[in-house]
Amino acid sequence: MAADSSAAKVVFELEGVFVHPSGDEEDAQEDFLVCGSLRIVEKDADILMEFTPLEDSVDPSHILCAAKDSSSVMEWDQDGGPRPLESQHSYETEWDLINAAPFKKKACAAGEGSAAGVHARGGRFFSVSLAQLAAVTLQEERRQRCDAPALLFTLKGSSSSLPTLHFQQGGSKELLDGLSRVAALSQCAQDPSRLLIGSSSKVLSQSFENLADEHNFGLVHKLRKDPYVATLGRFSKVTNYIFDAFRGTEEQHQRPPEEVAHLLGELIPGLEINQQEEPGFEVITRVDLGPRAQVSRSAPVSVSTWNAHQDQDGRLTHVGRLQDDIFRGGLCHALRKEAWKFLLGYFPWNSTLDQRKSLQRSKTDEYFRMKLQWKSVSDEQERRNSRLRDYRSLIEKDVNRTDRSNRFYEGTDNPGLVLLHDILMTYCMYDFDLGYVQGMSDLLSPIVFVMDNEVDAFWCFVSFMEQMRPNFEEQMQGMKTQLIQLSSLLRLLDPNFCNYLESQDSGYLYFCFRWLLIRFKREFCFHDVLRLWEVMWTGLPCGNFHLLLCCAILDAEKKIIMEEKFDFNQILKHVNELSMKLDVEEILAKAESIWMQIGKCQGLPHSVVDILPLDSEAGRNLSGDAESEAAAAESAAAAESVAAAESAAASSLHRERRACANSNSCLRVVDCQHLSKVAFMS
């Protein structure tokens, strides 16, 4: 099905802007100024600045026509009925397949190329992508009747510039304000009148789908050169988009490190790169990690085991031991609906059954109050609320494509999709600053599948998003931090492998972007994701266990990558082809083994110690050694015997003192009984 062109969104528009019909500014006279309108528009996943002369404003070739987005899964015909699903794009195809080749941008001079370059008609009309603008210089206007400064935009990679913009009717400040909403402007240290233009992170954090547009990346041309490029995946395009900015052209194989650092810093503002040694990495002295122990996994926690950990009030006991069991083997599916609420923090571990019922009642009221907020917004109100309108559009588009191959979400008019939509819309009311970002539907889908309840699923999702929120914030600080931490761990585990990746322009590990962003949701089959997530939610053996999972996957694949001498394209292709081929139990065992191996080392770098806190509590032995377990069982039995004796003695003492003791002393006796039980439970 042919892709329809995307509608353009006007970000800024200003009339009464003047340019010279020729580039000769010195000899040109004021009467030769051409009046027109200047616009900043979002179109085809790109942001363009366009100038249209007044006489050309009705040129049909430049009329922006809105067309229905062909990427929406649920489309309706004129009779109001849904179109067959077979005629729509496959969600699995779009998100799971990958792009093996980096996108190469062809440099184009003014007047050539596509929208990324400058188009000219008689020196008057131009359209340029903001990605090609290097800086804007404020020039003092020499004309007596004009107080506003003229603006001169220069292009990257060349000495050429756009025609000077004159503002005889004012508006230069408004243009800069509009430009700052879609690009990062910073003052040049050498020239205060010059503002440097950097790429906005919005394109990375708010619209992953737009990065996949065929027109932006010249997909048709690349398909002719490499058929494998047909297997495009959404997040893989984010990886390629980032790398494309600093890999250079076909002829330029490798940029200088300082240029790589500068360009990467433009793409992700705030990312500091150490250029003195290996870019982006701490210099780590080789550490002898010693042998890696073999780790075996256990059977999932059963319903009977779970019930055995509850007292008569419904309070869970021996929580640490229960979490260990979940970490070792996960949960049987019948338990997930209840246990996930504890793992995600929706229910406190020490709450009673009555307390949990009370909590659910209050949370139900709070949920439907927030849901009513967006349900009661009229069409007229929504037309004046662009953010809510954008959130709703993204949610409707993504929800109707989420896990459609899963029987729980397949078919039309599916109630599971309604739950996804309503929960995500309500989350926008809960956290309107963040709102909805593509990828959140992937995190919610398994929770809705397990809970099968709108309110419980919402609050579990809220708890999950507290962990994942930094991944989706506009500055993407969470993603930056995790990728840097992953680099430090990988360099500790295998410096040679890290050096090889760097030699292939893969040292920044952006091929792990999707793994971290949505917690491996697209790397394992649906039911394996349930097992993986519940193990990670235990918080054992450390909070950054997901980074060790990345290390485990790469450790298993490094041999073939290095022996086959994979280059950048082949590494990306190979890593993405691992999707749905990984064994979850094998990866979990290897990740735990790596953690144990690191934990036994002395003299670890401070950065690694910060990433993996190896204190006594987090460093409990989780290897499942049979002798240790037997000793623990024997110790527990002895503790139970002692606790029973202490409890009987305390009860006898309580009966003797009850007649004469005051209320405070009674409370102290009860506390002694409770503490003896706690000693046994721990």
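Using R₀ = 30 Å, calculate the FRET efficiency as 1/(1 + (r/R₀)^6) where r is the Cβ-Cβ separation of Lys480 and Leu185; round to 0.05. Numbers along the way, then the final one.
Details: r = 21 Å, r/R0 = 0.70.
Efficiency, from the Cβ-Cβ distance: 0.90.
A straight line joining the Cα centroids of the range 559-603 and the range 292-316 runs 29 Å.
Packing here is the average count of other Cβ atoms within 10 Å per residue, and on that basis the peptides 310-319, 11-20, 183-192, highest first, run 11-20, 310-319, 183-192.
What is the gain in length, in nm to one decimal, between Glu382 and Asp311 on full extension, counting 0.36 nm per residue of separation less the C-alpha to C-alpha distance?
Numbers: separation 71, 0.36 × 71 = 25.56 nm, distance 5.06 nm.
The Glu382-Asp311 span can extend by a further 20.5 nm.
Full extension of the chain segment joining Ser193 with Thr364 gains 56.0 nm, where the gain is 0.36 nm per residue of separation less the Cα-Cα distance.
Put a dot 7 Å past the Cα of Ser37, heading toward its Cβ, do the same for Lys357, and the two dots end up 6.4 nm apart. Extension gain, Lys559 to Thr154, is 141.1 nm, computed as 0.36 nm per intervening residue step minus the present C-alpha separation.
At a 10 angstrom cut-off on C-beta neighbours, averaged per residue, how do the peptides 444-450, 491-497, 158-164, 290-296 rank from highest to lowest?
On the way: 444-450: 23.7, 491-497: 19.3, 158-164: 15.6, 290-296: 12.0.
Ranking the peptides 444-450, 491-497, 158-164, 290-296 by packing returns 444-450, 491-497, 158-164, 290-296.
Accessible area of Tyr430 (1.4 Å probe, protein heavy atoms only, ligands and nucleic acids ignored): about 90 Å².
The values are calculated or read from the model by the stated rules, or taken from the named source; none is laboratory data. Since the model is a prediction, treat every value here as computed from it, not as a measurement. Cβ coordinates were reconstructed from backbone atoms using ideal geometry, including for glycine residues, and neighbour counts include every protein chain displayed. Remember, those area values only see protein heavy atoms, side chains included, never the ligands or the DNA or RNA. Shrake-Rupley method; radii C 1.70, N 1.55, O 1.52, S 1.80 Å.
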